[in-house]
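Engineer: First the structure, then my questions, so here it is.
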Amino acid sequence: MTGEESKDFKGIVRLAGKDLDGHLSIRKALMRIRGIGHNLAASLSLAATSRLNLDLSMPAGELSEEKLEELENFIKNPSDVIMPFLLNRQSASEVEKSKHLISTDLVFAVTQDIQRQKDVRSYIGWRHSLGQKVRGQRNRTTGRSGMTVGVLKKALKQAAGGDKKEEKK
């Protein structure tokens, strides 16, 4: 414990279902949550400092339980505070509302989107089911995984051939 830390300092802070380092600033701690990147963390931390009366340089471990709850509600509903282009689920129509998913909700939504593409048998879904690249990248030379079968057979033939030569002597 350094001289700057108070008695109420928490080394590990639980925020949005993730354990975060209490020594990090609020902005950097927010970036550790899945679904929150650099730009969104900067926007959320600026908005949180103005609305929740927080200090930007304050470490996350200095926040009280009430402030952590308010910050978590702030993170879960950022659509009223920040610009809509920062949200990861933007609505295309006026009927749907834009929202931002974080942590396990985001992982579940992405897997559901991929499964829906596979079920519809779209080109993207087809590429996903084949395990190929989806977004138009080249795949002739890059993205190869594992050893080719020919190299294994060649190595086995050399090992087997070496044994036969020794037997003839």
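The values are calculated or read from the model by the stated rules, or taken from the named source; none is laboratory data. The structure presented is a predicted model; accordingly, all values stated were derived computationally and were not measured. A quick note on method: Cβ atoms are made from the backbone with ideal geometry, for glycine too, and the neighbour counts reach across all protein chains shown.
Engineer: Only residues that are of a type in the set (A, V, I, L, M), farther than 16 Å from Arg32 by Cβ and in contact with a strand residue (DSSP E or B) (Cβ under 8 Å, 6 or more places away or on another chain): list them for region 74-100, please.
Structural biologist: Leu87
Engineer: Then there's this: For Leu87, work out the one condition from (1) farther than 15 Å from Val13 by Cβ; (2) more than 18 Å from the chain's Cα centre (by Cα); (3) hydrophobic (A, V, I, L, M, F, W, C) it doesn't fulfil.
Structural biologist: (2)
Engineer: Within region 138-162, restricting attention to residues that are in a loop (DSSP other than H, G, I, E, B) and β-branched (Val, Ile, Thr), which residue is modelled with the lowest pLDDT? It would help to see each step written out before you state the result.
Structural biologist: Taking region 138-162 and keeping what is in a loop (DSSP other than H, G, I, E, B), we get 138-148.
Now narrow it down to the ones that are β-branched (Val, Ile, Thr): 141-142, 148.
Values: Thr141: 81, Thr142: 78, Thr148: 61.
It comes out as Thr148.
Engineer: Something else: What are the residues in region 115-135 that are outside any loop (DSSP other than H, G, I, E, B) and among the charged types (D, E, K, R), if any?
Structural biologist: Arg116, Lys118, Asp119, Arg127
Engineer: Taking the residues in region 1-30 that are of a type in the set (D, E, K, R) and at pLDDT 85 or above as candidates, determine which candidate is farthest from the chain's Cα centre (by Cα).
Structural biologist: The residue in question is Lys10.
Engineer: Now for a different question. When you check Glu66 against the structure, is it free of Cβ contacts under 8 Å to residues at least 12 places away in the same chain and either surrounded by 13 or more Cβ atoms within 10 Å (Cβ to Cβ) or in a helix (DSSP H, G or I) (or both), yes or no?
Structural biologist: It is true that Glu66 is free of Cβ contacts under 8 Å to residues at least 12 places away in the same chain and either surrounded by 13 or more Cβ atoms within 10 Å (Cβ to Cβ) or in a helix (DSSP H, G or I) (or both).
Engineer: Would you confirm whether any residue within region 72-80 is surrounded by 14 or more Cβ atoms within 10 Å (Cβ to Cβ) and of a type in the set (Ser, Thr, Tyr)?
Structural biologist: Yes; the residues of region 72-80 include at least one that is surrounded by 14 or more Cβ atoms within 10 Å (Cβ to Cβ) and of a type in the set (Ser, Thr, Tyr).
Engineer: Scanning region 10-60 for residues that are touching a residue at least 60 places away in the same chain (Cβ under 8 Å) and part of a loop (DSSP other than H, G, I, E, B), which turns out surrounded by the fewest Cβ atoms within 10 Å (Cβ to Cβ)? Break it down into steps so the answer makes sense when it comes.
Structural biologist: Let us first name the residues in region 10-60 that are touching a residue at least 60 places away in the same chain (Cβ under 8 Å), namely 15-18, 33-36, 40.
Retained after the next criterion (residues that are part of a loop (DSSP other than H, G, I, E, B)): 16-17, 33-36.
Working: Ala16: 18, Gly17: 12, Ile33: 20, Arg34: 15, Gly35: 19, Ile36: 25.
Only one residue fits best here, namely Gly17.
Engineer: Residues that are under 22 Å from Arg51 (Cα atoms), under 13 Å from the mean Cα position of the chain (by Cα) and modelled with pLDDT of 85 or more: does region 105-117 have at least one?
Structural biologist: So far as region 105-117 goes, no, none of its residues is under 22 Å from Arg51 (Cα atoms), under 13 Å from the mean Cα position of the chain (by Cα) and modelled with pLDDT of 85 or more.
Engineer: Of (1) part of a helix (DSSP H, G or I); (2) more than 30 Å from Glu96 (Cβ to Cβ); (3) touching a strand residue (DSSP E or B) at 6+ places or on another chain (Cβ under 9 Å), Leu71 satisfies all except one. Which?
Structural biologist: That leaves (2) as the condition not met.
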